[in-house]
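Reading through the structure tokens given below for one structure.
The values are calculated or read from the model by the stated rules, or taken from the named source; none is laboratory data. Owing to the predicted nature of the structure, the values given are computational and were not obtained by experimental measurement. All Cβ positions, even for glycine, are placed from backbone atoms using ideal geometry, and neighbour counts span all protein chains on display.
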Amino acid sequence: MGNKPKRYLLVLGILLVGLIATCLISIMIGPVFIHPLLIIKIWAYKLSGGLIQPIWSNIQETIVVDIRTPRVILSMLVGMGLSIAGAAMQGLFRNPMAEPYILGMSSGAAVGAALAIVLGAGNVFGELSIPAMAFIGATTTIFVVYNIARTDGRVPTETLLLAGIAVGFFLHAVVSFLKIIASHETLRDVVLWLMGSFALSTWADVRMVILPILLGIGVLYFLCRELNALQFGEETALHLGIEVETVKRILLIASALVTAVAVSVSGIIGFVGLIIPHVVRLIIGHGHHILLPASALSGGIFLVLCDTLARIVTQPSEVPIGIITAAIGAPYFVYLLRRRKKAISWW
Amino acid sequence: MLQVKNISASYQQRPVLEGISFQVEDGEFLGIIGPNGAGKTTLLKIMTGVKSPLTGEVMLDGKKMSSLCRKEIAMIMAVVPQSSFIPPLFTVEDVVLMGRYPHQKSRFVTTEEDIKAVEEAMQKTNTSNFRQRPVNELSGGERQEVIIARALAQEPKILLLDEPTASLDIKHQMRILGLVRTLVKENGITAIMVIHDLNLAARFCDRLILLHNQKIYAQGVIKEVLTSQNLKEAYEVETMVEYNDFIGALQVVVK
Ligand SMILES: Nc1ncnc2c1ncn2[C@@H]1O[C@H](COP(=O)(O)OP(=O)(O)OP(=O)(O)O)[C@@H](O)[C@H]1O
Ligand SMILES: [Mg+2]
């Protein structure tokens, strides 16, 4: 009510412009600098089917079209997905510490990927065996966790979090075991995958993740009113006319889908789903109708920036992006914790 | 009209309610009393469909509650729980607007009708003065009024309240029960309230149900239920019940 919608549209507009600008800057930067106008021209040329006279080298075109753009788009989508899934899970569990990782989903993805790398599992998926196995691992995990936590047809939040942590520990042990039996090369691959990277992003990756991630984001945003009501407790939500169990299930599935798909192309990137919703809550607002879209856009900006840093700080080699997000995210998280220490129950 | 038919309930095989049957007419204010652990909250949870009974049925306007979806129930019935958890930063207006959930057809649009209902609910509960304040920063009494406003925004036919006055001062106790009484008498709402304070129950309710030993120990108009004998049996205390001219109602004095 009041003038809030206008303010929200303004905020989202600013974030969208920021996201586009960040993407453009990220495509500019690298061993070969490319002028932003040139980027726009190359894309105009590509998209219009050659209406503009090309005045650039093939190398420049390849760098923009085949190397940097898919990488930027992929990191943007993953950042959006991880952030909105984190925001939704924190809302669902009414716990600021909840995020896809705590529910064991990323460990599930890691087991799937490690099985693929070390034992060659999932050969039927061909080149996609690692992401496909990661996806299967993450989705299986969330359903196992969900069903362990289920009692009398309901899923109490405390049980769900505990089940997630317990299953996560178990899966972690499985990954450790796979590392021990891995050969030298496959061990290196596993370790690199676990740290996460966009170094080898292709348009095929983008095509694979874009639909599920956008679908998941859409579903989560669609449920923003239910998430708001759930903040008052499940019983109140029931009294207001919400089919709480159904809504919870849909929220879980959508978050699992988004996270699993994100993790399956980028490896494990921590802190994004935790930090971004926190910052958005502090700066922009609590209501999920603004929190969810603002988290998605901010998460996109954040991960594109992190990936740009990952590319340039130790040029010509790369830093795994998981290290960058942890280096930025962990101190910020500690800062948040200390600031909120007096009132841990601030939720 | 709400009918409770032969309800039994248990927690982990331990029976809490047995063969509870009663009926509440439109425009009636029913009080549910009984000692701690008698099963009042459990009964309320069954009446709101939050807990399913072991046997029996709750009927809303002649329809089985178990056959209605949450939205249909919420359009008929609103609940003021005993203590609601209030997350930070939701303003009074936000919270009251949530009561419109079951009526809203579009998820992203607030209609004129919604705004009208919200304004009216805030007016009735005296909460429009602090509409922009975060609810978690209000006092217990003010919060309770906001939660009642949210329930009114649902435009329910039946209002269920679980110890709505438990943490309120005498002024707010009178104000909130007076408000419920007005809603019942002027707007034809049916109210069902769990309450410990027998004197307040005697003053505001039309009829009482006394729960004891998993059963309805007594039910009827105030003077039929609030007798020294019933109270001694259910609460194990000696009482004197007499008509008080000053308040114009029965009054229970505990020895
Ligand atoms: N979730 C639960 N699990 C197991 N037993 C329960 C549960 N909730 C209530 N009980 C038991 O059921 C009985 C009835 O509880 P209920 O809360 O309905 O009582 P009440 O009449 O509302 O009491 P009070 O006046 O203290 O609020 C009590 O003996 C209580 O211990
Ligand atoms: Mg109770």
Worksheet item: Among the residues of the stretch A:146-196, which ones are of a type in the set (A, V, I, L, M, F, W, C), modelled with pLDDT of 90 or more and under 17 Å from A:Y101 (Cβ atoms)?
Response: A:A163, A:A166, A:V167, A:F169, A:F170, A:L171, A:A173, A:V174, A:V175
Item to complete: Only helices (runs of 4 or more DSSP H) wholly contained in the stretch B:186-255 count here; list those with 2 or more residues that are over 16 Å from the mean Cα position of the chain (by Cα).
Response: B:222-225, B:228-235
Practice prompt. Check B:L60 against each of (1) touching a helix residue (DSSP H, G or I) at 6+ places or on another chain (Cβ under 6 Å); (2) surrounded by fewer than 20 Cβ atoms within 10 Å (Cβ to Cβ); (3) more than 9 Å from chain A (Cβ to nearest Cβ) and name the one condition it does not meet.
Written response: (2)
Discussion item. Criterion first (among the acidic types (D, E), closer than 25 Å to A:F93 by Cα and more than 10 Å from chain A (Cβ to nearest Cβ)) does B:E137 satisfy it?
Written reply: yes
Fill in: Unmet criterion (only one of (1) touching a residue at least 60 places away in the same chain (Cβ under 8 Å); (2) touching an Asp or Glu at 6+ places or on another chain (Cβ under 6 Å); (3) facing chain A (nearest Cβ under 10 Å)) for B:T48
(2)
Worksheet item: Is it true that some residue in the stretch B:179-197 is within 22 Å of B:G31 (Cα to Cα), out of contact with any Cys (no Cβ under 8 Å at 6 or more places or on another chain) and of a type in the set (K, R)?
Response: yes
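What do you reckon, is B:A201 within 16 Å of ligand 1 (Cβ to nearest atom) and not assigned by TED's automatic domain parsing to the domain that holds B:Q123?
The answer is yes for B:A201.
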Worksheet item: Does B:L161 satisfy the criteria of being in a helix (DSSP H, G or I) and crowded, with 24+ Cβ neighbours inside 10 Å?
Response: no
Worksheet item: Does B:Q132 qualify as being within 27 Å of B:G49 (Cβ to Cβ), more than 16 Å from ligand 2 (Cβ to nearest atom) and within 14 Å of chain A (Cβ to nearest Cβ)?
Response: no
Worksheet item: Can you tell me which of B:L43, B:L54, B:L68 is within 20 Å of the chain's Cα centre (by Cα), more than 10 Å from every other protein chain (Cβ to nearest Cβ) and either within 16 Å of ligand 1 (Cβ to nearest atom) or under 24 Å from B:L30 (Cα atoms) (or both)?
Response: B:L43
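Within the stretch B:79-86, does at least one residue satisfy the condition of being under 23 Å from B:I176 (Cβ atoms), in contact with a Pro (Cβ under 7 Å, 6 or more places away or on another chain), of a type in the set (A, V, I, L, M) and within 11 Å of another protein chain (Cβ to nearest Cβ)?
Here is the first cut: in the stretch B:79-86, the residues under 23 Å from B:I176 (Cβ atoms) are B:79-86.
If we keep only those that are in contact with a Pro (Cβ under 7 Å, 6 or more places away or on another chain) as well, we get B:80.
Those left that are additionally of a type in the set (A, V, I, L, M): B:80.
Within this subset, residues satisfying the condition of being within 11 Å of another protein chain (Cβ to nearest Cβ) are B:80.
Checked the stretch B:79-86: at least one residue is under 23 Å from B:I176 (Cβ atoms), in contact with a Pro (Cβ under 7 Å, 6 or more places away or on another chain), of a type in the set (A, V, I, L, M) and within 11 Å of another protein chain (Cβ to nearest Cβ).
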Worksheet item: Looking at the stretch A:204-227, which of its residues are loosely packed, with under 14 Cβ neighbours inside 10 Å and modelled with pLDDT of 90 or more?
Response: A:R207, A:L211, A:G218
